Amino acid sequence: MARDVTDNTPITSRDELVAWLEAGAKPLAQFRIGTEHEKIPFYKSGRSPVPYEGVPARDQGGIRALLEGMQARLGWALVIDAPHIIGLYDATSGAGISLEPGGQFELSGAPLETIHQTDAELDAHFSVLKTVAEPLGIGFLALGMSPKWRRDEIPLMPKHRYAIMTKYMPKVGSHGLDMMFRTCTVQANLDFSSEADMVKKLRVSLALQPVATALFANSPFTDGKLNGFLSARSEIWRHTDADRTGMLPFAFEQGMSFERYVDYALSVPLYFVKRGDIYHDVAGGDFRDLLEGRLALLPGEHATLADWANHLSTIFPEVRLKRYLEMRGADVGPRPFLPALPALFAGLLYEPSSLDAAWDMVKNWSAEAREQLRADVPRLGLAATIYGRRLNEVAAEVLHIARVGLAKRNRCNARGSDETLFLDPLDAVLAETSEAGRLIKKFTTKWAGSVEPAFEECVY
């Protein structure tokens, strides 16, 4: 999750909320691509979770030491949730490092022009991280879900918003805490030029998120065993909080607009309101009440732009609208898969003819068909079907459209290669099997029913 926004400009009307989203529209020349990924830290000795303060009895540093080491080398500003360091931020590029609830270490990449730049950003990140983590004896899993530890074995990071969410999640779903503490994703953030452009891109990317889930499936283990899924992370999201997750069927209805998304967001209950350094627990509250200064749990307080931006960051549909669009359907995976996700969606969404072709593919899919596909993919992956067509066939067409789009973008590196090279790992999935399928085969053969080899083979 990105750092919390601190803009205290007061807002008093729904129109101002709509205007804030509309202000995200950019001319084509200013389109950028942002990539975020999470990874699970572990102590190489003992293969145990990494607490925030480490293990003082062994004089072993933890998450705080990782952040301090990264700050010393990068020079980025500290993000503080008093009194703790909970992230880093580079005001020049817009990149940041943050913590998920169970210590998952996240790079929120800068908005960049090309996937080549994204790839270089990832190389630089892992180079610095390795320098910091190795003396601490810390490694990082490249899996979409913790393969071994029980939820109660995973330490809570000292972020006040997470304490609020930890208390609230069991009230609204059966797997919210698993989502918080045990899952990891890779996300791609892309721009839009207008309301109509936003709507078309939102619809295409929502319809195709199950394709991304299947291509990037990489979470087949839970509690040291096979869990019956290719993407358990994706299945967990289906049982987290129905008020703030899902496929947004209203986005495909006539009249979809920034206003319609604002109305949806206003219907999602609040988690918290931040004032100064204090996170006020208002979980279950109504943002409309805050807008009107009559929120029962915080009487007299009125909404600010920070409240709105932070509230939008607590909504978790498969594609999220902020001042850009976030693709949220993929498990994190091995290093080559990290730039593959932004490459996939840049190819689909940033070339008009490819966006048109992708929309032609999905425009006649019904809400029921989309929902069924979303429900089937975590278990079946590319063997799922939609309208009798296997998803691997659909995915092959999607990849072709994306490859054409990237070729037309023609953003080349110093060697003259365009961005299509970043789709190669996904072509390999279609030709062979997903990462989850590969790991399941290893678990039942070479690994002899143990997940321990994952701590050697599934790492960055």
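Here are the numbers for the structure shown:
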item	result
Any hit, segment 341-359, residues being free of Cβ contacts under 8 Å to residues at least 60 places away in the same chain and on the phi > 0 side of the Ramachandran plot	no
Answer from 143, 206, 202, 122 - the residue that is in contact with a Cys (Cβ under 9 Å, 6 or more places away or on another chain), under 27 Å from residue 430 (Cα atoms) and not in a strand (DSSP E or B)	143
Criterion: in contact with a Leu (Cβ under 9 Å, 6 or more places away or on another chain) and farther than 27 Å from residue 186 by Cβ - qualifying residue of 300, 284, 255	284
Test: residue in segment 390-405 that is farther than 24 Å from residue 237 by Cβ, modelled with pLDDT of 95 or more and more than 25 Å from the chain's Cα centre (by Cα)	yes
Which listed residue is among the hydrophobic types (A, V, I, L, M, F, W, C) and not in a strand (DSSP E or B), from 67, 88	67
The lone exception for residue 148 - which of (1) within 15 Å of the chain's Cα centre (by Cα); (2) of a type in the set (Lys, Arg); (3) not in a helix (DSSP H, G or I) it fails	(1)
Qualifying residues in segment 244-265 (those that are part of a loop (DSSP other than H, G, I, E, B) and buried (at least 19 other Cβ atoms within 10 Å of the Cβ)) - the one farthest from the chain's Cα centre (by Cα)	256
Identity of the residue in segment 266-303, of a type in the set (Ser, Thr, Tyr) and not in a helix (DSSP H, G or I), that ends up farthest from the chain's Cα centre (by Cα)	279
Meets criteria (of a type in the set (Lys, Arg), within 20 Å of residue 459 (Cα to Cα) and either surrounded by fewer than 23 Cβ atoms within 10 Å (Cβ to Cβ) or free of Cβ contacts under 8 Å to residues at least 24 places away in the same chain (or both)) for residue 225	yes
Which numbered condition residue 310 misses (of (1) in contact (Cβ under 8 Å) with a residue 40 or more places away in the chain; (2) in a loop (DSSP other than H, G, I, E, B); (3) crowded, with 22+ Cβ neighbours inside 10 Å)	(2)
Residues satisfying the stated conditions in segment 14-47, i.e. of a type in the set (Ser, Thr, Tyr) and either modelled with pLDDT under 95 or surrounded by 14 or more Cβ atoms within 10 Å (Cβ to Cβ) (or both)	35, 43
Lone qualifier among 150, 182 - being basic (Lys, Arg) and in contact with a helix residue (DSSP H, G or I) (Cβ under 8 Å, 6 or more places away or on another chain)	182
Filter pass, residue 110 being more than 20 Å from residue 50 (Cα to Cα) and surrounded by fewer than 18 Cβ atoms within 10 Å (Cβ to Cβ)	no
Top-ranked residue in segment 266-291 [being within 13 Å of residue 14 (Cβ to Cβ) and in contact (Cβ under 8 Å) with a residue 60 or more places away in the chain; ranked as surrounded by the fewest Cβ atoms within 10 Å (Cβ to Cβ)]	266
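The values are calculated or read from the model by the stated rules, or taken from the named source; none is laboratory data. Since the model is a prediction, treat every value here as computed from it, not as a measurement. Here Cβ is always computed from backbone atoms with ideal geometry, including for glycine, and neighbour counts include all displayed protein chains.
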